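Data block below; observations after.
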Amino acid sequence: MRSSRPGAAALLASAVVAAGCSTSVVGVAEPAGPAAAGPLTEVLGRVEVDADVEGHVRLSDVAATPDGGFVVLMTGDLAGNHRSVLVELVAGDGGLTVAQVTEGPPALDLGEVHVAPDGTVVALAPIVPADTSGRGREQDLALAVLEPGGDEPDVRRIAADAELGTPDTGTGVLSPDGTTLHASLQWYVDGDTVSRLATVDVATGEVTASAPLQVETPGQAVARDVALRPDGGLAALVTVDRDAEGDVDGVVLAQYDADLLPAGEPVELVEEEQSTGYALAVLADGTAVASVVAGEWDTGEPRLVTVRDGAVQATAVLPGSGTDLVVEPGGRHVYLVHGRPGAGVGLATVELATGETVADVELCADGSPAPLALAADGRTVAATVACEQDESLAADLAVLVG
């Protein structure tokens, strides 16, 4: 238990700023591998992930490990509690238990975690110097890499751009072999956000390729989430300014080839001028699915949008704002963690062929949704959630649903 955090509305708003910071929403659903699980209907267990962590931290991301467990990234806050913690979870007959807690570098409250096929944990987060008394740059985007059996992560800063310097934030997805991070990197320049696509060598932090988004807008365009395409390219969920002042936001899907060059025109995901994009995944046949809100983020209609062959093919209404999603092996169902201010948090199963929500499991009666991850065997999901216990206390939970 720890002191109460901001309410659901504030956390959902912050999800727009840092959308896509979850590895669980990116990647390609492979036709071979884990068996399909079908609708998820039952809570199998839950654990308070920060119970064995001293001091104040909160949920940032969760990822599955090859051995059937999960790892949760927890970070401090922007106000000055700069830290990061990796919490390893073991899944068993009794649900989830905490297996190990590893302290990481001093990080800000924006981060994500990935796991390579060999079990190496790769966290991506803005870090600050341990000694903040000096002048100069306040944060650098870096990889914190924890090898299997390691005691502490090795910090590898993302290499600086020749014109923009070191990126401030970013989101990405690991290559299938775990050696490359395909990412959207962001720089904050004179009050504006500059977003570029990049490939990053996990071993060194070197940027091996970089390219602009090439999405036309009168204001800014920022890739909030990315996913690998089966042809080796990249798909990006991009927030665009509808006006030069940046007062109205829209959301489009942009796709790129393996050389980070545009593969077709960006696709408008909703007809409404104002919209918000949250999470993105790409299936083995190249179909993209994205969770969005049409209208204002707190009052608009939450939807799941399917894009195929460069056009919207289907749109389904969701029971709440789908802040993170994963695709069932085989691509029949999408699992989404969703929430609405004052309406609790749930884990919904949506059938892609019909757009019907075929199952919806309550995770928390009053709280805020956080990232989720599909287990290595494809049969369960670990959904993280910040549950309000009373007016002064909150709990960060990982809930296993099957």
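The values are calculated or read from the model by the stated rules, or taken from the named source; none is laboratory data. Here the structure is a predicted model, which means the values were calculated and not measured. Cβ atoms come from the backbone with ideal geometry, glycine included; neighbour counts cover every protein chain shown. Note: areas computed on protein heavy atoms with side chains; ligands, DNA, RNA excluded. Shrake-Rupley method; radii C 1.70, N 1.55, O 1.52, S 1.80 Å.
Values for this structure:
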| read-out | value |
| --- | --- |
| Subset tally (residues that are open to solvent by 10 Å² or more (accessible area, probe 1.4 Å) and part of a loop (DSSP other than H, G, I, E, B)) for the range 221-242 | 5 |
| Residue within the range 337-344 that is within 19 Å of Q313 (Cα to Cα) and open to solvent by less than 10 Å² (accessible area, probe 1.4 Å) present | no |
| Selection from the range 40-81 of residues that are modelled with pLDDT of 85 or more, in a loop (DSSP other than H, G, I, E, B) and open to solvent by less than 60 Å² (accessible area, probe 1.4 Å) | L40, V49, D50, V53, V57, T65, G68, G69 |
| Test: residue in the range 243-254 that is touching a Cys at 6+ places or on another chain (Cβ under 9 Å) and not in a loop (DSSP other than H, G, I, E, B) | no |
| Residue within the range 95-109 that is in contact with a helix residue (DSSP H, G or I) (Cβ under 9 Å, 6 or more places away or on another chain) and either surrounded by 14 or more Cβ atoms within 10 Å (Cβ to Cβ) or at pLDDT 95 or above (or both) present | yes |
| Which listed residue, of V312, V326, V350, V289, is open to solvent by 20 Å² or more (accessible area, probe 1.4 Å), in a strand (DSSP E or B) and not aromatic (F, W, Y) | V312 |
| Residue count for the range 154-164, restricted to those that are open to solvent by 20 Å² or more (accessible area, probe 1.4 Å) and either closer than 20 Å to R224 by Cα or of a type outside the set (D, E, K, R) (or both) | 6 |
| Residues that are at pLDDT below 95 and either of a type in the set (A, V, I, L, M) or surrounded by fewer than 24 Cβ atoms within 10 Å (Cβ to Cβ) (or both), drawn from the range 354-369 | C364, A365, D366, G367 |
| Criterion: open to solvent by 50 Å² or more (accessible area, probe 1.4 Å) and in contact with a Leu (Cβ under 9 Å, 6 or more places away or on another chain) - qualifying residue of Q255, Q214 | Q214 |
